[in-house]
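The values are calculated or read from the model by the stated rules, or taken from the named source; none is laboratory data. Just so we're clear, the structure is a prediction, and the values are computed from it rather than from any experiment. Backbone-built Cβ (ideal geometry, glycine too); neighbour counts: all protein chains shown.
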Amino acid sequence: MKVAVDFGISNTDIAVSNDANVDFFTIPSTKINHLILDEIFEQINIDIDLIEKIVVTGGKSDSLESIYKTIEVLKINETDAIGNGVIEIYNTHEPFVAISAGTGTACIYHQDGEFNYIGGIAIGGGTIKGLSNLALNNSSIDELTKKALLGNRDNIDLLIGDVVNDIGVLNPSVTASNFAKLKKGDDVSENDVAAAIFNMIGEVIGTIAYLNAAVCGINKVHFIGRVSTNEVVQNAINARLKLANMEGLFEDNREYGTVVGALKLLNDN
């Protein structure tokens, strides 16, 4: 049995490989200490005696001991884990730009087996939770998503069509300014606010995605990370990519992209 662990800011993802089968687990992240692997294996009910190899990435995983019990702990750079996760999930070895959308957002570029971190932004799932807690007193992504799907962000955002006729090829439904229609004392629905928050996060991620892809001469972007699986965020990402005539790729299991890449590197070694 081989085990990969990705210590994210909000969630810790675990991939357990046993022959041809891989099982995934997700638990809330806690501070890394010398007992963290004991706690993880207890939570996911894994028999330690069956573990042959362990690989860790993300967070402060490099502070872990290099030997757990009698098992070697391989430590993987997160950029390499993200890149190898994209290769594994999307079955590609071509040059690519990848976005890892989690609590924050990271962007990497791959060419000829080399992975380069080309920038990140402090916008992601953590921003959704923080802003929603401030505005709606609610930080449950599941509950907020339901609200967002029912809401209409047009009641919150100022759109191109609200202020001008045409700007180049921009559609009137493109956002001119997020939240600009809100004024002090305005009575707006929680659903509309949730829709506007999720949309704004998606727009920012989508904009960073197409700008980095354009710089690298790539016309499509591979996405991994849990935030990219959110329907409202994904729709906003795609709307932004469409402005630049770029394609977003969203494969199954991409929420586990980084831990998949760590497991791939463990197997390769």
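Structure summary
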{"read-out": "Some residue of segment 229-251 being of a type in the set (Val, Ile, Thr) and part of a loop (DSSP other than H, G, I, E, B)", "value": "no"}
{"read-out": "Residue pairs meeting the criteria (Cβ under 8 Å; at least 6 apart or on separate chains; first at negative phi and in a loop (DSSP other than H, G, I, E, B), in segment 185-207; second buried (at least 19 other Cβ atoms within 10 Å of the Cβ) and not small (Gly, Ala, Ser))", "value": "VAL188/ILE156"}
{"read-out": "First in segment 63-91 and of a type in the set (Gly, Ala, Ser), second anywhere and surrounded by fewer than 14 Cβ atoms within 10 Å (Cβ to Cβ), Cβ under 7 Å, 6 or more apart", "value": "SER66/GLU72"}
{"read-out": "Members of segment 71-86 that are of a type in the set (A, V, I, L, M, F, W, C) and buried (at least 22 other Cβ atoms within 10 Å of the Cβ)", "value": "ILE76, ALA81, ILE82, VAL86"}
{"read-out": "Within segment 139-157, considering residues that are in a loop (DSSP other than H, G, I, E, B) and free of Cβ contacts under 8 Å to residues at least 40 places away in the same chain, the one surrounded by the fewest Cβ atoms within 10 Å (Cβ to Cβ)", "value": "SER140"}
{"read-out": "Test: residue in segment 257-265 that is assigned to a helix (DSSP H, G or I), more than 14 Å from the chain's Cα centre (by Cα), surrounded by fewer than 22 Cβ atoms within 10 Å (Cβ to Cβ) and assigned by TED's automatic domain parsing to the domain that holds LEU144", "value": "no"}
{"read-out": "Whichever residue in segment 12-46 is among the aromatic types (Phe, Trp, Tyr) and under 18 Å from GLU255 (Cβ atoms) and, among such residues, is surrounded by the most Cβ atoms within 10 Å (Cβ to Cβ)", "value": "PHE25"}
{"read-out": "Residues of segment 208-236 classified as free of Cβ contacts under 8 Å to residues at least 60 places away in the same chain, closer than 26 Å to GLU143 by Cβ and of a type in the set (A, V, I, L, M), total", "value": "1"}
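Results for (1) surrounded by fewer than 16 Cβ atoms within 10 Å (Cβ to Cβ); (2) assigned by TED's automatic domain parsing to the domain that holds ILE205; (3) farther than 25 Å from CYS216 by Cα, shown as yes or no for each residue.
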residue: THR229; (1), (2), (3): no, yes, no
residue: VAL233; (1), (2), (3): no, yes, no
residue: LEU241; (1), (2), (3): no, yes, no
residue: ASN245; (1), (2), (3): yes, yes, no
residue: GLY248; (1), (2), (3): no, yes, no
residue: ASN269; (1), (2), (3): yes, no, yes
